[in-house]
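What follows is a set of notes on a single structure, which appears directly below.
The values are calculated or read from the model by the stated rules, or taken from the named source; none is laboratory data. No experiment lies behind these values; they were computed from the predicted model shown. Positions of Cβ are backbone-derived with ideal geometry, glycine not excepted, and every protein chain shown enters the neighbour counts.
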Amino acid sequence: MGEAIQAKQTQPPALPPLPEALARGMADLFPAGRDPDPDQRLEARLAEAERQGRPLRVKLGIDPTGSDIHLGHSLLFRKLRAFQNAGHTAVLIIGDFTARIGDPTGKSSTRVQLDAAAVEANAATYLAQLGQGQPPERALLDFETPGRLEVRRNSEWLAGLALPQVIELLGISTVGQMLAKEDFANRYGSGTPISLHEFLYPLLQGYDSVAVQADLELGGTDQKFNVAMGRDMQRHFGQRPQFGLLLPILPGLDGVQK
């Protein structure tokens with residue numbers, strides 16, 4: 001009886017649930033442990049950040065492979081705005097380097113590689129559509145409130161990687177892990193070619209999380225492999241792994257394709 005009372009007294013205080021604005025529409029959150037470890041439970045990381053008086057760094061990466069942000073993207077940007085409104089720092093990564101490779105997620109063949117000029121032109125239209133230069137109440141993201149937004153291009157850290165550093169990144173994952181990714185597995189099983197440079201994409205976007213020291217990454221449910229790769233990269237480089245918060249894919253008019 002005495003031991004039971006003592007154990008009860010030493011239990012940590014219950015953590016408040018995620019604020020409704022942050023949890024609304026969430027399809028997956030990982031890790032989602034039950035203990036108060038701020039590396040295993042997002043509520044604990046939020047409470048820790050509040051005690052320390054620091055905002056979380058919430059990463060969202062977007063590759064400017066087209067000229068327009070579609071409705072599926074808007075779900076993620078609205079969630080990113082919710083974190084901004086809660087006082088956290090949105091880290092918007094314009095994948096001007098990774099766009100030249102192309103995300104293989106959801107693709108049945110190798111994507112056409114874009115040149116730097118086309119990527120930069122697309123990036124400019126993306127930022128305009130997100131509300132750059134507009135007051136926060138009229139914009140999808142808050143570009144004006146100090147400390148609420150960082151816009152980074154991943155060419156800042158990826159373009160200068162030397163070959164030994166690229167080899168180090170390649171050593172963090174295995175061919176088996178890559179082929180476990182559904183898109184690669186389907187293409188491999190059907191005999192559809194997979195270019196070696198496509199294996200670099202998850203590694204490079206995962207390294208983005210290291211470069212910006214992300215606490216949390218947002219993505220669609222189809223991005224779980226890529227977000228998890230960011231966690232692996234952060235562990236490799238001695239950082240605290242980010243959380244992954246995933247939103248459902250918005251189906252198109254055919255009810256199937258995103």
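Brief remarks follow.
- In the stretch 138-164, residue nearest to ALA211 (Cα to Cα) [restricted to those that are without any contact (Cβ under 8 Å) to a residue 12 or more places away in the chain and loosely packed, with under 12 Cβ neighbours inside 10 Å]: GLY160
- Tallying residues that are modelled with pLDDT under 95 and surrounded by fewer than 24 Cβ atoms within 10 Å (Cβ to Cβ) within the stretch 192-216 yields 10.
- Single residue of the stretch 217-252 satisfying the filter (surrounded by fewer than 20 Cβ atoms within 10 Å (Cβ to Cβ) and of a type in the set (D, E, K, R)) that is nearest to the chain's Cα centre (by Cα): LYS224
- Cβ-Cβ under 7 Å pairs, at least 6 apart or on other chains, the stretch 225-240 side in contact (Cβ under 8 Å) with a residue 60 or more places away in the chain and more than 16 Å from ARG57 (Cα to Cα), far side small (Gly, Ala, Ser) and assigned to a helix (DSSP H, G or I): ASN226/GLY206; ASP232/GLY206; MET233/GLY206; MET233/SER209
- Among the residues here, ILE62 qualifies as among the β-branched types (Val, Ile, Thr), surrounded by 15 or more Cβ atoms within 10 Å (Cβ to Cβ) and within 17 Å of ASP222 (Cα to Cα).
- Among residues of the stretch 21-47 that are outside any loop (DSSP other than H, G, I, E, B), those with a Cβ under 9 angstrom from a residue that is surrounded by fewer than 16 Cβ atoms within 10 Å (Cβ to Cβ) and hydroxyl-bearing (Ser, Thr, Tyr), sequence gap 6+ or separate chain, pair up as ASP28/THR221.
- Residue check: ILE249 meets all listed conditions (1) of a type in the set (Val, Ile, Thr); (2) modelled with pLDDT under 90; (3) closer than 19 Å to ALA99 by Cβ but one, namely (3).
- Any hit, the stretch 95-117, residues being of a type in the set (Val, Ile, Thr), modelled with pLDDT of 90 or more and under 22 Å from VAL227 (Cα atoms): yes
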